[in-house]
Every structure is written in C-alpha cells, then in structure tokens.
Amino acid sequence: MTNSEWMDSLTRPSKVMSAALTLLGSWIVFLTVVNISIGAYSEGRKVLWTDFFTGVRESSTTDMAFVMDDVLFGLVGLIIIGLGARGMNVAHESGFSGWLSSLPKCVVSSLFSSEGGSNKLISSWLVALGVIFYLIWSIVENTWVDPGVYSVAVVLVSFGVGVGLLESSAN
C-alpha cells in the first residue's frame, strides 16, 4: 500500500460514520422542533442549549419564546446531516437518497431475520431497544434531555453498534 492509498483510506468517508452523522443530526433537529413546540427539558420548560452545554447558568426556562439557541442548535443539526449526506454520496453505491430510501427495509430485515447471523440480530435489537427506551421514556415523562435516560440508551445503542461492527469485521 502506497502512502497516498493509506492517506486516502483515512480521509475517505465511511458508510458507518456518514450514517451516524445523519442520524445524530436528525436527532438534533428533532430535539430543536420539540423544544420550540412543547419544551424539551420537561413539561412546560424549554432548554436553553448554550447554557445546557456550558453549565454557566440555568439551563432551562418556563418562557417558551423563540430564542437564538433554537436557531443555533437546529443549524448545527442541519450541518451534521449535510456532512452525513455528503459522505454517504461518496460511500454508498446509490448515494444518500438511495441509502435513505433503503433504510426502512434494512432496519426491518435486520430485526426479523437471522440471515446475517445471531450476533447481527442481537446487535439490531440492542440498538432498537435503546431507541425505543429513549422514545417511550421521553414521551411518558415529557422530558427529552434526561442524562439518566441517555446513559441507559447510549449503552444499549453503543453495544449494539459495537457487536454489529465486530460481526461485520469478522466476515
């Protein structure tokens, strides 16, 4: 492998990273919409994103007025989606739109088929359980930015992704 090929392999976008960026950006945009419409902190409380991430002041308010934090957080989400889409256009055979249109079928088949092996099936269910846990908890408790819920969901999703990557690399 020449030096140029090695450097290209490090800088070329991967499907996994592009998909992760797209999904993370989508989650950020979703949280922005929830925060603007009903408040993402808890019932009747809106997250002030800058203070939430810096910890400088109170990170929520009962004032549901539109604030610049919502614009900035939403823009960050859109930029991350854009980076994921750009990478997917390079990494996936049919580009971003092809990947996006095949996503529902891919998710359903990975959850209900052991064709890829039992580790792939377990991997898919761990990711799904993490996402389902986060969504159900957030809907029931009406809070979308709970660190305790994140810690449970992130462990499930991370282990699922890890098991899936290990299974893919073994084949």
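When the residues of segment 86-102 are narrowed to those that are over 25 Å from Val154 (Cα atoms) and of a type in the set (S, T, N, Q), which ends up surrounded by the most Cβ atoms within 10 Å (Cβ to Cβ)? Among those that are over 25 Å from Val154 (Cα atoms) and of a type in the set (S, T, N, Q), it is Asn89. Of the residues that make up segment 8-15, is at least one crowded, with 17+ Cβ neighbours inside 10 Å, among the small types (Gly, Ala, Ser) and either modelled with pLDDT of 80 or more or outside any helix (DSSP H, G or I) (or both)? No: zero hits.
The rows are residues; the columns are (1) outside the structural domain of Lys15 (by TED's automatic domain parsing); (2) under 26 Å from Ile38 (Cα atoms); (3) free of Cβ contacts under 8 Å to residues at least 12 places away in the same chain; (4) of a type outside the set (A, V, I, L, M).
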site: Thr62; (1), (2), (3), (4): no, yes, no, yes
site: Gly74; (1), (2), (3), (4): no, yes, no, yes
site: Arg86; (1), (2), (3), (4): no, no, no, yes
site: Gly95; (1), (2), (3), (4): no, no, yes, yes
site: Val107; (1), (2), (3), (4): yes, no, no, no
site: Ile122; (1), (2), (3), (4): yes, no, no, no
site: Val127; (1), (2), (3), (4): yes, no, no, no
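Could you grab me the full set of residues in segment 103-144 that are among the acidic types (Asp, Glu) and either within 21 Å of Gly162 (Cβ to Cβ) or surrounded by 13 or more Cβ atoms within 10 Å (Cβ to Cβ) (or both)? Break it down stepwise before answering.
From segment 103-144, those among the acidic types (Asp, Glu) are 115, 141; that's our starting set.
Glu115 - this is the single residue of segment 103-144 that is among the acidic types (Asp, Glu) and either within 21 Å of Gly162 (Cβ to Cβ) or surrounded by 13 or more Cβ atoms within 10 Å (Cβ to Cβ) (or both).
In this structure, Val157 does satisfy being of a type outside the set (Gly, Ala, Ser) and either surrounded by 18 or more Cβ atoms within 10 Å (Cβ to Cβ) or assigned to a loop (DSSP other than H, G, I, E, B) (or both).
Got at least one residue in segment 108-120 being within 22 Å of Ile28 (Cα to Cα) and of a type outside the set (D, E, K, R)?
Quick first cut of segment 108-120, residues within 22 Å of Ile28 (Cα to Cα) only: none.
No, segment 108-120 contains no residue that is within 22 Å of Ile28 (Cα to Cα) and of a type outside the set (D, E, K, R).
Here Ser169 meets the list (1) outside the structural domain of Ser60 (by TED's automatic domain parsing); (2) touching a helix residue (DSSP H, G or I) at 6+ places or on another chain (Cβ under 7 Å) almost entirely, failing just condition (2).
Taken together, the residues in segment 44-72 that are surrounded by fewer than 13 Cβ atoms within 10 Å (Cβ to Cβ) and assigned to a loop (DSSP other than H, G, I, E, B) amount to 9.
Being of a type outside the set (Gly, Ala, Ser) and under 14 Å from the mean Cα position of the chain (by Cα) is the filter here; which residues of segment 146-160 pass it? Give the derivation first.
Of all residues in segment 146-160, those of a type outside the set (Gly, Ala, Ser) come to 146-147, 149-150, 152, 154-157, 159.
Selection gives Tyr150, Val154, Val155, Leu156, Val157.
Taken residue by residue, segment 96-106 has no member that is modelled with pLDDT of 85 or more, touching a strand residue (DSSP E or B) at 6+ places or on another chain (Cβ under 8 Å) and either under 18 Å from Phe30 (Cα atoms) or among the aliphatic types (A, V, I, L, M) (or both). Screening Val33 with (1) of a type in the set (A, V, I, L, M); (2) crowded, with 20+ Cβ neighbours inside 10 Å; (3) within 30 Å of Gly164 (Cβ to Cβ) gives one miss only, at (2).
The values are calculated or read from the model by the stated rules, or taken from the named source; none is laboratory data. Computed from a prediction, not measured in an experiment: that's the story for all the values here. In this analysis, Cβ positions are derived from the backbone assuming ideal geometry, glycine residues included, and neighbour counts consider all displayed protein chains.
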